Amino acid sequence: MRRAGGALSRRRFVGMAAGAAAAAAGGLPLVASCGDPQEPAGPGARSPLARPEDLPASGAVLIASHGRPASAEGRPSAAWLYNGALPGPTLRARRGDTATIRFRNWLFDASIVHWHGLVVPAHADGHPRDAIEREADYDYEFPLVQRAGTFWYHPHAHQRTAEQVHRGLAGFFIVTDDEEDALGLPSGAEEVLLMLQDRDADLSAAYAYGTDATDSMHGILRGTPYGNGIRLPTLAVAGRRYRFRVLNASHARVYRLALDTGAPLTLIGNDGGLLPAPVPVSAVDLGVGERIDFVVDFGGVPAGRRLMLKSLPFSVPGSAGPWPQGMEMDLLDLVRVGGAGAPPPPLPGVLSTVPPLGAPAAERTFEFQSTADAGMHRINGLSFDMERVDVEVPFGQVERWSFRNDSALPHPVHLHGTHFQVAARQGGRGMVLPWEAGWKDTVLVMPQETVDVLVRFDAYRGLFLLHCHNLQHEDMGMMLNVDVR
Ligand code: C2O
Ligand code: CU
Ligand code: CU
């Protein structure tokens, strides 16, 4: 039985104590630790994928401030960063731990941190009502009540999310547990964290922010892939099995991930943690906010060979412009180096157990509407009001929610406060896809699709959010308050 844990531990204080407290917290990496800049590379050249620093989630301090991401290529434009890095530090915790995190806002802007995919008490969820001003702190304390998985954190202040994420504020949050440890999945150097974003090809414009009418409708789509803040990344892999935890932290971009060789990606996890069983697929769709966790064995790949993790082309008829939704992209260049290790034991045939949520006691429909008139992005005709309660859900009740998209734009639909099970898809891709098994917190609803999910809030009561994770849509109204009572 999961229960709301811990007393509310939340303090706001302003001003002079901030610097001293930061020093006391000790050892903060205020500059990214990716080594010294090397020779600037040519425009098409690739740079090594950087590995974000780990930071235990108990006793962590996260400072949002202005800075410049590390780059081997030269001097990127000014950015907004957590602890001076993009991605911010990878927060790590085990199930059953308590996270205690001090968020310190040194931006010239209001902000608050949301732990995307973590089931936390409402006061720790980063609701826009809780945003703090410059030089204030917000103290988070919450137990890790959920399964192992790949989660992330990013800002969530009212109408400030798009700019703040775009300027560089985002990081991974990894939870481990005994169930996952027992599987012997690849770890250490064979565990790759990859945060995907599409940005301007020009490093000096990569973190600049401004939107025109097209951006306001579609979200910001750009033509150049960045991985962990590195433009056109490359990664050397040995002849071993690797685990890739991929996060789509883009503004609006949907990826269709695949290897250029056609070799399968063996899916093992997604938003809510492990899948019931490994599933080999040739490609995976990944909407903004979604994560996918897959294994690739490079044992059979000859040394010196290169593979490309790509986004395959697909068509979204409503999307035009120089870098349309669905354009082909070369995301991560993989270079096979070194010798082959001993062949690994086969992956376990069963990874986890996902009990079905069962028959719903209520049904609700949510229409995700994008139009060219003022207001633009709405759900059921409503534009977000952070003080208005839109949906009241009884605690512990199983419900069936239909997400309908009759607009011409993809809407990655995200829910806070719990995970859901994808039950059906009509229209468009027409089925529940293999990467949508298990527990999800974000589901991609393409134009003309209706996706049904089963949902139950059984951890915490309070105010949570349902919204589209296209960052423009989210900031421009496509969000509702869900009150669990
Ligand atoms: Cu990833 Cu409400 O957010
Ligand atoms: Cu979230
Ligand atoms: Cu949307």
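How many residues are on the phi < 0 side of the Ramachandran plot and surrounded by 21 or more Cβ atoms within 10 Å (Cβ to Cβ) if we restrict to segment 155-169?
Number satisfying all stated conditions: 10.
Mind listing whichever residues of segment 131-155 are in contact (Cβ under 8 Å) with a residue 60 or more places away in the chain and within 15 Å of ligand 1 (Cβ to nearest atom)? Listed by number, the residues that qualify are GLY149, THR150, PHE151, TRP152, TYR153, HIS154, PRO155.
Report yes if VAL391 is within 16 Å of ligand 1 (Cβ to nearest atom), open to solvent by less than 40 Å² (accessible area, probe 1.4 Å) and closer than 18 Å to ALA252 by Cβ, otherwise no.
Details: within 16 Å of ligand 1 (Cβ to nearest atom): yes; open to solvent by less than 40 Å² (accessible area, probe 1.4 Å): yes; closer than 18 Å to ALA252 by Cβ: no.
Answer is no for this residue.
Of all residues in segment 469-478, exactly one satisfies the criterion of being open to solvent by 10 Å² or more (accessible area, probe 1.4 Å) and either part of a loop (DSSP other than H, G, I, E, B) or within 14 Å of ligand 2 (Cβ to nearest atom) (or both), namely MET476. Counting only residues that are open to solvent by less than 50 Å² (accessible area, probe 1.4 Å), farther than 27 Å from GLY149 by Cβ and part of a loop (DSSP other than H, G, I, E, B), segment 73-99 holds 4 of them.
How many residues are farther than 27 Å from LEU221 by Cβ and surrounded by fewer than 23 Cβ atoms within 10 Å (Cβ to Cβ) when one looks only at segment 262-274? Of the residues in segment 262-274, 3 are farther than 27 Å from LEU221 by Cβ and surrounded by fewer than 23 Cβ atoms within 10 Å (Cβ to Cβ).
Annotation: GLY381 fulfils all but one of (1) within 16 Å of ligand 1 (Cβ to nearest atom); (2) surrounded by fewer than 16 Cβ atoms within 10 Å (Cβ to Cβ); the unmet one is (1). May I ask you to list the residues in segment 100-138 that are part of a loop (DSSP other than H, G, I, E, B) and within 24 Å of GLY272 (Cβ to Cβ)? Across segment 100-138, the qualifying residues are ILE112, GLY117, LEU118, VAL119, VAL120, PRO121, ASP125, GLY126, HIS127.
Among the residues making up segment 417-452, those that are on the phi < 0 side of the Ramachandran plot and within 16 Å of ligand 3 (Cβ to nearest atom) are ASP441, THR442, VAL443, LEU444, VAL445, MET446, PRO447, GLU449, THR450, VAL451. Against the list (1) out of contact with any strand residue (DSSP E or B) (no Cβ under 7 Å at 6 or more places or on another chain); (2) closer than 29 Å to PRO317 by Cα; (3) touching a residue at least 40 places away in the same chain (Cβ under 8 Å), the condition MET478 fails is (1). Here segment 110-168 is the region considered, the condition is being of a type in the set (Lys, Arg) and out of contact with any helix residue (DSSP H, G or I) (no Cβ under 8 Å at 6 or more places or on another chain), and the residue that is nearest to HIS473 (Cα to Cα) is ARG167.
LEU183 passes every criterion in (1) within 16 Å of ligand 2 (Cβ to nearest atom); (2) closer than 22 Å to LYS440 by Cα; (3) in a loop (DSSP other than H, G, I, E, B); (4) out of contact with any Gly (no Cβ under 9 Å at 6 or more places or on another chain) apart from (1).
Could you list, in sequence order, the residues of segment 46-72 that are within 13 Å of ASN228 (Cβ to Cβ) and assigned to a strand (DSSP E or B)? Result: SER47, PRO48. The residues on offer are GLY428, GLY417, GLY438, GLY396, and the sole one that is within 16 Å of ligand 1 (Cβ to nearest atom), of a type outside the set (A, V, I, L, M) and either in contact (Cβ under 8 Å) with a residue 40 or more places away in the chain or open to solvent by 50 Å² or more (accessible area, probe 1.4 Å) (or both) is GLY417.
With respect to the conditions (1) open to solvent by 10 Å² or more (accessible area, probe 1.4 Å); (2) under 21 Å from PHE384 (Cβ atoms), HIS116 falls short on a single one, namely (1). Any chance segment 449-463 includes a residue that's within 16 Å of ligand 1 (Cβ to nearest atom), surrounded by fewer than 21 Cβ atoms within 10 Å (Cβ to Cβ) and in a loop (DSSP other than H, G, I, E, B)? No, segment 449-463 has no match at all. Restricting attention to segment 359-384, and to residues there that are away from ligand 3 (no atom under 16 Å from the Cβ) and in contact with a strand residue (DSSP E or B) (Cβ under 8 Å, 6 or more places away or on another chain), which single residue is farthest from LEU454 (Cα to Cα)? Top of the filtered list is THR365. Of the residues that sit in segment 429-463 and are more than 23 Å from GLY358 (Cα to Cα) and not charged (D, E, K, R), which one is farthest from ligand 2 (Cβ to nearest atom)? Within segment 429-463, the match that is farthest from ligand 2 (Cβ to nearest atom) is GLN448.
Looking at segment 298-306, is at least one residue part of a strand (DSSP E or B) and either open to solvent by 30 Å² or more (accessible area, probe 1.4 Å) or within 20 Å of ASN228 (Cα to Cα) (or both)? Within segment 298-306, one or more residues are part of a strand (DSSP E or B) and either open to solvent by 30 Å² or more (accessible area, probe 1.4 Å) or within 20 Å of ASN228 (Cα to Cα) (or both).
The values are calculated or read from the model by the stated rules, or taken from the named source; none is laboratory data. Owing to the predicted nature of the structure, the values given are computational and were not obtained by experimental measurement. Neighbour counts are summed over all protein chains in view; Cβ atoms, including those assigned to glycine, are modelled from backbone coordinates with ideal geometry. For accessibility, only protein heavy atoms count, side chains too; no ligands or nucleic acids. Shrake-Rupley method; radii C 1.70, N 1.55, O 1.52, S 1.80 Å.
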